[in-house]
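The values are calculated or read from the model by the stated rules, or taken from the named source; none is laboratory data. Just so it is clear, the model here is predicted, and its values are computed rather than measured. Virtual Cβ from ideal backbone geometry, glycine too; neighbours counted across all protein chains shown.
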């Protein structure tokens, strides 16, 4: 089916001129031989380039729509008028196929690019949304450091007379710097913790761990 619109009234023509960026109009007559000769070319260009609300091809029968023909000064057939935003920008008279084709191709460029289409992965009815990948890299070094610190603290407490003190002063005790902010306040001259009174949870931990002397029942 041809996209060309046959104009039935001046009001219809005005509406099209106001709604389409480019309007290409063929003014013809049924008795006009040259009009019939070039009509297939016009229809082929219409089929190729017509775009809704952007590029519109119309035909006006001058015998039926004399008011439109007179409004635009059409006196010879065929006459082709090219409108842009309602204003005539070019006139082609006669059955000039090459001239008509060139004029229409140039006018099409003035119609502007098509509106962008948005491409995305669609979803079908009843379908599920794409799932994000769960394959995230694992930082094994963090787990390895934790295991090593635990083993070293365990060995320090196992072979020390004061298990609590040994663990507290161990370089593997990650809570030591966090507790005292990295400072040496309250430490002895040798860097130990002599002079620091253990209270609360710390004393309970020391009592729980005990010492080798306690286990042997010494004084």
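Quick one: residue 30 ticks every box in (1) loosely packed, with under 14 Cβ neighbours inside 10 Å; (2) at pLDDT 95 or above; (3) touching a helix residue (DSSP H, G or I) at 6+ places or on another chain (Cβ under 8 Å); (4) not in a helix (DSSP H, G or I) except a single one, so which number is it?
So residue 30 meets the others, but not (3).
Taking residue 70 as meeting all but one of (1) surrounded by 12 or more Cβ atoms within 10 Å (Cβ to Cβ); (2) modelled with pLDDT of 95 or more, write down the number of the exception.
Every listed condition holds for residue 70 apart from (1).
Filter the range 75-93 down to the residues that are without any contact (Cβ under 8 Å) to a residue 40 or more places away in the chain and either outside the structural domain of residue 63 (by TED's automatic domain parsing) or outside any strand (DSSP E or B) (or both) and list them by number.
Step one: of the range 75-93, the residues without any contact (Cβ under 8 Å) to a residue 40 or more places away in the chain are 75-76, 87-93.
Within the range 75-93, 75, 76 qualify.
Could you tell me whether any residue of the range 52-63 is part of a loop (DSSP other than H, G, I, E, B), exposed (fewer than 15 other Cβ atoms within 10 Å of the Cβ) and at pLDDT 95 or above?
Going residue by residue through the range 52-63, those that are part of a loop (DSSP other than H, G, I, E, B) are 52-54, 62-63.
Still in the running and exposed (fewer than 15 other Cβ atoms within 10 Å of the Cβ): 52-53, 63.
Keeping just the survivors that are at pLDDT 95 or above gives 63.
There is at least one residue in the range 52-63 that is part of a loop (DSSP other than H, G, I, E, B), exposed (fewer than 15 other Cβ atoms within 10 Å of the Cβ) and at pLDDT 95 or above.
State all residues of the range 33-52 that are over 18 Å from residue 77 (Cα atoms) and touching a helix residue (DSSP H, G or I) at 6+ places or on another chain (Cβ under 6 Å); if no residue qualifies, say none. Give the steps one after another, and end with the answer.
The initial filter retains those residues of the range 33-52 that are over 18 Å from residue 77 (Cα atoms), namely 44-52.
45, 49 - these are the residues of the range 33-52 that are over 18 Å from residue 77 (Cα atoms) and touching a helix residue (DSSP H, G or I) at 6+ places or on another chain (Cβ under 6 Å).
Across the range 98-125, which residue is modelled with the lowest pLDDT among those that are part of a helix (DSSP H, G or I) and surrounded by fewer than 15 Cβ atoms within 10 Å (Cβ to Cβ)?
For the range 98-125, the residue satisfying everything is 110.
Do you know which residues across the range 47-63 are without any contact (Cβ under 8 Å) to a residue 24 or more places away in the chain and closer than 12 Å to residue 23 by Cβ?
Residues satisfying the conditions do not exist here.
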